[in-house]
Amino acid sequence: MDESRDSSANKGIRLNQNQTTEPNILPLVLDNVSYEVNGMRLIKEMTLALKSGSSTIILGPNGAGKSMLLRLCHGLIKPNDGTLSWQGPSGDNASFYQAMVFQRPVMLRRSVTANLHFGLKSRGLSRTERNQITEDMLQITGLTRLAKTPARSLSIGEQQRLALARAWSLKPEVLFLDEPTANLDPAATHSLEEIIGTIKATGTKIVMSTHDLGQAKRLADEVLFLYRGRLLEKAPADKFFEAPQNDLAEAFLKGELLWWHRQELKPPSEIKHRGDQ
């Protein structure tokens, strides 16, 4: 079992090092975006905007398109139809201001410290700067005692903490997280959530997918609910969990098996919500 670390205290660490006064790349606007593989549409006519200042949690059953949406937003894949645009002043250089952590993190075949140095060196930072940021990241994520350990020998929870540290060290304005706690025990999950909360507190926009409704309630400011590649609901977290406007979202929150719902879904503009006449 992973040992949790108190990543929320962080006494004396420069936690404001990645804060900016104005967005560089946000908002991110998707306009009627679709994505398909071998003729099968996996993301369907999706329109939304991701703005700064809130944590966005993506919910939905298996196959809803959560991971695919994150990959589209991060730029790993391109939409077949529609447009995806970063509308901030540095939108043309969006890759510099964003990072992504996957469910199964990829560790370089080197030490924990060297994994952190690798990304920082690619940004042209001096050794002194790299050493200081690395020291901070190790302390914040509770990995100081493992600094010289080969990254691939870490537990899954420790690897995920390192993946977060590596991404955060680059000072992203937006951090995409693809079910980062899916394979972790409760203690490791708690530790990772503390780190995510600390990252958010420094001004980084969190966009994260999860199957864990309790986790979504703890971390979300707003919720995107996806089903079979469509965005069925986008709402503030408190409103979504108290009174979802979409029937499938309500069924999902109740734990019902949505694969029973085989009806053809309509585009979002044609979907009726509660209260519609």
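The values are calculated or read from the model by the stated rules, or taken from the named source; none is laboratory data. Predicted model only: the values in this text are computed from it and were never measured. Quick reminder, even Gly has a Cβ in these numbers, built from the backbone with ideal geometry, and neighbours come from all protein chains shown. Each accessible area value is taken on the protein alone, full model and side chains, heavy atoms only, with ligands, DNA and RNA left out. Shrake-Rupley method; radii C 1.70, N 1.55, O 1.52, S 1.80 Å.
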**Given (1) part of a helix (DSSP H, G or I); (2) open to solvent by 10 Å² or more (accessible area, probe 1.4 Å); (3) touching a residue at least 12 places away in the same chain (Cβ under 8 Å), index of the condition Leu231 fails** = (1)
**Message:** Give all pairs with beta carbons closer than 8 Å in which a residue from the range 59-88 that is farther than 14 Å from Leu48 by Cβ and in a loop (DSSP other than H, G, I, E, B) meets a residue that is of a type in the set (S, T, N, Q) and open to solvent by 40 Å² or more (accessible area, probe 1.4 Å); count only pairs at least 6 apart in sequence or on separate chains.
**Reply:** Gly75/Ser95
**Complete:** Of (1) closer than 17 Å to Ile195 by Cβ; (2) in contact with a Lys or Arg (Cβ under 8 Å, 6 or more places away or on another chain); (3) without any contact (Cβ under 8 Å) to a residue 40 or more places away in the chain, Lys121 fails just (1)
**Ile57 farther than 16 Å from Ser209 by Cβ, open to solvent by less than 30 Å² (accessible area, probe 1.4 Å) and under 19 Å from the mean Cα position of the chain (by Cα)** = no
**Message:** Just the residues that are closer than 17 Å to Leu143 by Cβ, among the aliphatic types (A, V, I, L, M) and within 15 Å of the chain's Cα centre (by Cα), please, taken from the range 179-228.
**Reply:** Leu192, Ile195, Ile196, Ile199
**Criterion: surrounded by fewer than 17 Cβ atoms within 10 Å (Cβ to Cβ) and of a type in the set (A, V, I, L, M, F, W, C) - qualifying residue of Ala147, Ala167, Ala94** = Ala147
**Request:** Would you please name the residue that is nearest to His117 (Cα to Cα), looking only at residues in the range 151-161 that are in contact with a Ser or Thr (Cβ under 9 Å, 6 or more places away or on another chain) and surrounded by fewer than 24 Cβ atoms within 10 Å (Cβ to Cβ)?
**Result:** Glu158
